[in-house]
Amino acid sequence: MSDRQAVEQTVHLYVEGMAFANAAALKKAFHPKSSIIGYYQNAVEWLTRDEFIAAILAEEPAPPGTQPFMDIQSVDVEGDAASVKVTDDFAGMRLTDYLSLLKIEGRWTIVSKLYHLHT
C-alpha cells in the first residue's frame, strides 16, 4: 500500500468512526495528543482527542448500512508528513476538515484537525 493510500485509509477510518460513533476507530485514527480546532456555535472550540470523541458519542450515530458522505479534495504527502482536505457530514452538519497526519512507527495518524462548519 502506498503512503497516499494509507493516509486515505486513516481518513476513511476517521469519517466512519465519526458517522457511526465508533470510539475505537477514532482512537485509532487520532494521536492521543491530537487537537481538534474550529468555530462551533460562534466560539472557538479547542478539543483534545478524548473530548472530541466524547462529543461524537453524545450525538445520534448514523443508522447501520448508511454510506457516510466524504469528499477528499486534496492529499499531500511529503516523507512522514501529510495534509488532507476533506468535506464530510456529521449530525446534520457539513464540515470541511484540514487534517495533518504524521507517520509514527509505520502508521499514519491524525495529529491535528482544523475544521470549518458550513452554515
Sorted by chain and then number, the residues having a modelled amide H within less than 5 Å of the amide H of F90, at least 5 places away or on another chain, are L95
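What percent does the relative contact order of region 57-119 come to when contacts are Cα pairs within less than 8 Å and at least six residues apart?
Details: 111 pairs, mean separation 14.8, N = 63.
Across region 57-119, relative contact order equals 24 percent.
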With each pseudo-label sitting 7 Å past Cα toward Cβ, what's the K33-S83 distance in nm, one decimal?
2.2 nm
Out of the total accessible area of the chain (probe 1.4 Å, heavy atoms of protein only), what percent is carbon and sulfur?
51 percent
For a quick protection proxy, order the peptides 15-27, 83-95, 62-74 by their average other-Cβ count within 10 Å, most packed first.
15-27, 83-95, 62-74
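Which whole-number percentage describes the relative contact order of the chain, with Cα contacts under 8 Å and a sequence gap of 6 or more?
Details: 227 pairs, mean separation 31.3, N = 119.
Dividing the mean separation by the residue count of the chain yields 26 percent.
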For region 1-97, accessible area per residue (1.4 Å probe, heavy atoms of protein chains only), Å²:
57 Å²
Principal-axis tilt of helix 3-19 within the chain, Cα atoms, nearest 10 degrees:
20 degrees
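The values are calculated or read from the model by the stated rules, or taken from the named source; none is laboratory data. Small disclaimer: the values here were computed from a predicted structure and weren't measured. Positions of Cβ are generated from backbone atoms using ideal geometry, with glycine treated the same way; all protein chains shown enter the neighbour counts. Accessible surface is based on the protein model in full, side chains and every heavy atom, while ligands, DNA and RNA are left aside. Shrake-Rupley method; radii C 1.70, N 1.55, O 1.52, S 1.80 Å.
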